[in-house]
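The values are calculated or read from the model by the stated rules, or taken from the named source; none is laboratory data. Not measured: the values here are computed from a predicted model. All Cβ positions, even for glycine, are placed from backbone atoms using ideal geometry, and neighbour counts span all protein chains on display. Side chains included, ligands, DNA and RNA excluded: accessible areas come from the protein's heavy atoms. Shrake-Rupley method; radii C 1.70, N 1.55, O 1.52, S 1.80 Å.
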Amino acid sequence: MTREIERVAGIPVVQIATIVPIMLTVGTNRIVPGVAIPHPTGDPAQGPEGDKKIRREIVMRAFRALTTPIDEQTIFEK
């Protein structure tokens, strides 16, 4: 679906995913790896401040991915 949104509407899409190989298989263009299935954008075990820091880093990486021109599937690691 994300690929079609980009192709048809020209809107860049980022998928925050905990299982990156599945996103590669389905053709997602911009992939930001998440932390874990129960908490893809954070880690409550790190405490409130640590969890907030992780969430912010993932969201900022997703924003960078949105503004980065790509020609092929790209995984935006740290």
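Miscellaneous remarks
- Per-residue surface analysis assigns LYS52 an accessible area of about 120 Å², computed on protein heavy atoms at 1.4 Å probe radius.
- By a 1.4 Å probe calculation restricted to protein chains, THR25 has an accessible surface near 120 Å², given to the nearest 10.
- Between the listed residues ILE22, VAL59, ILE37, the Cα displaced farthest toward the positive end of the dipole of the stretch 2-75, a dipole computed from Cβ unit charges relative to the Cα centre, is found at VAL59.
- Low-density loop positions, GluC sites (Glu not before Pro), the stretch 13-73 - DSSP coil, at most 12 other Cβ in 10 Å: GLU72
- Accessible heavy-atom area order of VAL59, VAL13, highest first, probe of 1.4 Å: VAL59, VAL13
- Between 0 and 90°, nearest 10: helix 47-66 axis offset from the chain longest Cα axis: 10
- For the chain, the dipole from Cβ point charges (+1 on Lys and Arg, -1 on Asp and Glu) about the Cα centre works out to 160 debye, to the nearest 20.
- Protein heavy-atom accessible surface, 1.4 Å probe, per residue over the stretch 2-75: 65 Å².
- Using just its DSSP H runs of length 4 or more, each adding -39500 (n - 2.57), the chain gives a mean residue ellipticity at 222 nm of -11000 deg cm²/dmol after division by all residues.
- Anisotropy class of the chain from Cα gyration tensor, a/c 1.5 cut: prolate
- Gain upon complete extension [GLN73, VAL20; 0.36 nm per residue less C-alpha separation]: 18.0 nm
- Net charge of the neighbourhood of GLU72, taken over other residues with C-beta under 12 Å away and scored Lys/Arg +1, Asp/Glu -1, is +1.
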